[in-house]
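> A single structure is presented below for examination.
The values are calculated or read from the model by the stated rules, or taken from the named source; none is laboratory data. All of these numbers come straight from a predicted model, not from anything done at the bench. Here the Cβ positions follow ideal geometry from the backbone for every residue, glycine too, while neighbour counts run over all protein chains shown. Ligands, DNA and RNA are stripped out before the accessible areas are found, and what is left, the full protein with its side chains, is counted by its heavy atoms. Shrake-Rupley method; radii C 1.70, N 1.55, O 1.52, S 1.80 Å.
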Amino acid sequence: RDPIALARFVLAARAKIAAVKPDVVLTFQHYGNVLGAPIARLAGVRRIIANQVSASDVVAPLLQTADRVFGTLGLYDRITVNSDDTRRLYDAHPTRYRERIVSIPHGFELKASRIGRSEARARFGLPAEAEILGCAARLHPTKRLDLAIRLMPSMPARHLALAGQGADRERLAALAAELGVTDRVHFVGELQPTAIGDFLAALDVFVFPTVAETFGLAAVEAAAAGVPVVATDLPVLREVLEVDGAPAALLVDTTDTPAFAAAVETIFADPASAERLEAAGAGLARRFSLDAMVEAYARLIDEVTDRRRAA
C-alpha cells in the first residue's frame, strides 16, 4: 500500500527466510525476482535461482531495469526460462546476464477428467447440447478475450465459456452486452487446477487469442487434453504447440475476426483436421513432462550448491 507497508513486508520476509536458513532460494516471476532476490541476500542466502516467465509487455519498465541490473551484477546465480522464444527476449542484455540463463521447458500434469461432457457442462452451468468455445485465462487485456467474444455474433448457435478472474471482466461483460450475446457468454469464475480438466471436458474448441505469452500453458494443457485449439499466431505458440513437426493447434491472426471465425469453423466442419490436432496434442504431455522439469530444477540446484544426490 505504501513505503511503510513495503518495509514491513521486506523485514518480515527476511526474518522468515533467515529462520529457515535455506541453501538456495528460487524466486518466481518478475516481482519475485526483483523483491525476493535482495531479501534473500539480506537473509544470508548464498545461492539464488531466478525465473523468467513473464512477457515483457506486462512488466513495468522500472522492474525490467532492476532485473537487468540484478542479473548482470550477479544477484541471481542462475536465471531459468521456459522456452526458446523467452530466451530470445534477453538477447540484448549484457553478456554477464545472458551467461546465467538456463532453459528448462515448462512441465505440466495432464488435465484429464473422469466425467463425461454432459456432467462437465452441468457442473459449470453450461448448455448441454450447444457447441461451446472456451478459454481458461486471467481476465486481463493481454489475453484479448474480447476477440473471442467478437466471434459470437457470427455464430448465433454457439456459446463461449471463460474460466478465470481479473480486472477485465467488467469490460468483457459490457462488450458482450453491446454485441447482444450476454446470454451466450458464460463467466464461470476462477478454477482450482484440479477443476481445469473438467472444464476442458465441457468444450468443443479451446480459443486462445492472447497477445503476449512466454509459453502458453493453458493452450498446451487444452491441446494435450484432446480439445482442438485455435490460438494467436505467436512465435512462442508455434514453438510449443507442435510435436515432431506436426501442429497441435490452428494458429491465426485472431485480430482478424473473419479469419479467426473461419479457423474455428474448420474444427467443426472438418473432423479429420480436428483429429490430426488431437493426435499431435496427445504428444505434448510427453514433450513437456512434469517429471523432466522437476529433475532439471533438481540438477540445477545441485549445480549451484555444489552437492551431489544419490543416483
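> State the answer as a single residue: which of 63, 19, 51 lies farthest towards the positive end of the charge dipole of the stretch 1-104, with beta carbon charges of +1 for Lys and Arg and -1 for Asp and Glu, about the Cα centre.
Going by the Cα projections, it comes out as 19.
> On to the next question. Work out, step by step, the length gained on full extension between residue 1 and residue 239: first 0.36 nm times the residue separation, then minus their alpha carbon distance; give nm to one decimal.
81.7 nm
> Another question, if that's okay. Using only DSSP helix segments of four residues or longer, with each worth -39500 (n - 2.57), what per-residue ellipticity at 222 nm results for the chain after dividing by its residue count and rounding to 500?
-12500 deg cm²/dmol
> Using Cα pairs closer than 8 Å and at least 6 residues apart in sequence, work out the relative contact order for the stretch 45-149, in percent.
22 percent.
> Quick check: pseudo-label points 7 Å beyond the Cα along Cα→Cβ at residue 178 and residue 190, how many nm apart are they?
According to this spin-label approximation, the distance is 2.7 nm.
> Where a ≥ b ≥ c are the square roots of the eigenvalues of the C-alpha gyration tensor, would you call the stretch 96-233 rounded, which needs a/c under 1.5, or, failing that, prolate if a/b is larger than b/c, or oblate?
Values: a/c = 2.17, a/b = 1.37, b/c = 1.59.
Here the stretch 96-233 falls in the oblate category.
> Using Cα atoms only, what is the angle between the long axis of helix 271-281 and the major principal axis of the chain, expressed in degrees (0 to 90) to the nearest 10?
Approximately 10 degrees, to the nearest 10.
> Let me ask something else. Could you give the length gained by full extension between residue 9 and residue 279, i.e. 0.36 nm per residue of separation minus their alpha carbon distance, to one decimal place?
Using 0.36 nm per residue and subtracting the Cα-Cα distance, I get 92.4 nm.
> Could you state the angle between the C-alpha long axis of helix 290-305 and the longest principal axis of the C-alpha atoms of the chain, as a value from 0 to 90 degrees rounded to the nearest 10?
That works out to roughly 10 degrees.
> So, one more: Under the 0.36 nm per residue contour assumption, what length would be gained going from the current alpha-carbon distance of residue 295 and residue 91 to full extension?
70.8 nm
> Now for a different question. Among 203, 284, 125, whose Cα projects farthest towards the positive end of the dipole of the chain, with charges put on the beta-carbon of Lys, Arg (+1) and Asp, Glu (-1)?
284
> Let me ask you something else. Compute the long axis of helix 169-179 from its Cα atoms, compare it with the longest principal axis of the Cα atoms of the chain, and write down the angle in degrees, 0 to 90, nearest 10.
20
> Contact order normalised by length for the chain, with contacts defined as Cα pairs under 8 Å and 6 or more residues apart; what percent is it?
16
> Compare 187, 9 by solvent-accessible area with a 1.4 Å probe and give them largest first, with all protein chains kept in place.
Descending accessible area places them as 9, 187.
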